[in-house]
């Protein structure tokens, strides 16, 4: 028996007569404010679920399906979201600090005013995502698909965009100090070349320079 409790009141929101939740179906569930931290949900489904303010910190959601779920103000800090499907989900004001979203699908997702410092979006499908006002400093978006994404007013200082596709992305008032963009495709379709290496002027015997 697994009990899912409210994160603050400790009220039991759901009792599940199972020992594990791998691949379990929680579609259309009402679990707002649930404490789902440090749990195993690989392959589980949460389609159209109400998960506002739920805590998934340190949980394993690899391959989980959260399509069209309301994840407003959810905490996914350090969570494993590799290959998860969050298509058209609502992640406004969510926390994804240091979460691993490699290969995840976030197409049409609303991820506004979110905390994504150090989040890994490696090869994620983020096409047409809304990232306005989010803090994505030091995030890894290498080879991510960001075509048509709205990234306006967001912070991406120190982020890695190597090989990412930013075609038609909206980037007004964005902060991008110290980013890596080698071989990325820019908003106008231009390929961003790697920086040229400085030519050393030291003589061969001054090898320490």
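Since every read-out is calculated from the coordinates, none of them should be taken as a lab result. Keep in mind it's a predicted model, so treat the numbers as computed, not measured. Quick reminder, even Gly has a Cβ in these numbers, built from the backbone with ideal geometry, and neighbours come from all protein chains shown.
Taking the chain as a Gaussian network, where each spring joins two C-alpha atoms under 10 Å apart, which residue of 65, 20, 179 fluctuates the most? Looking only at 65, 20, 179, the largest GNM fluctuation is found for 20.
Comparing 147, 73, 15 in a Gaussian network model of the chain where C-alpha atoms under 10 Å apart are linked, the largest mean-square fluctuation is found at 15.
Relative contact order, percent, of the chain when contacts are C-alpha pairs under 8 Å separated by at least 6 residues? It would help to have the intermediate numbers written out before the result.
Values: 716 pairs, mean separation 19.7, N = 209.
Computed value for the chain: 9 percent relative contact order.
Net length available on complete extension from residue 30 to residue 176 is 48.7 nm, with 0.36 nm assigned per residue and the Cα-Cα distance removed.
From largest to smallest, the equivalent ellipsoid semi-axes obtained for the chain from the alpha-carbon gyration tensor read 38, 18, 14 Å. Put the Cα centre of the stretch 18-39 next to the Cα centre of the stretch 151-173 and the gap is 33 Å.
Across the stretch 29-136, C-alpha contacts under 8 Å between residues 6 or more apart give a mean separation that, scaled by the residue count, equals a relative contact order of 18 percent. Annotation: extensible slack from residue 48 through residue 22 equals 7.5 nm (criterion: 0.36 nm per residue apart, minus Cα-Cα distance).
Give me D for the stretch 43-124 in µm² s⁻¹, whole number, from Stokes-Einstein with Rh from the Kirkwood sum over alpha-carbon pairs, 37 °C and 0.692 mPa s.
Numbers: Rh = 11.8 Å.
Rounded to a whole number, D works out at 279 µm²/s.
As a rough footprinting exposure proxy, the listed residues 46, 156 were ranked by other beta carbons within 10 Å of their own, and the order from fewest upward is 156, 46.
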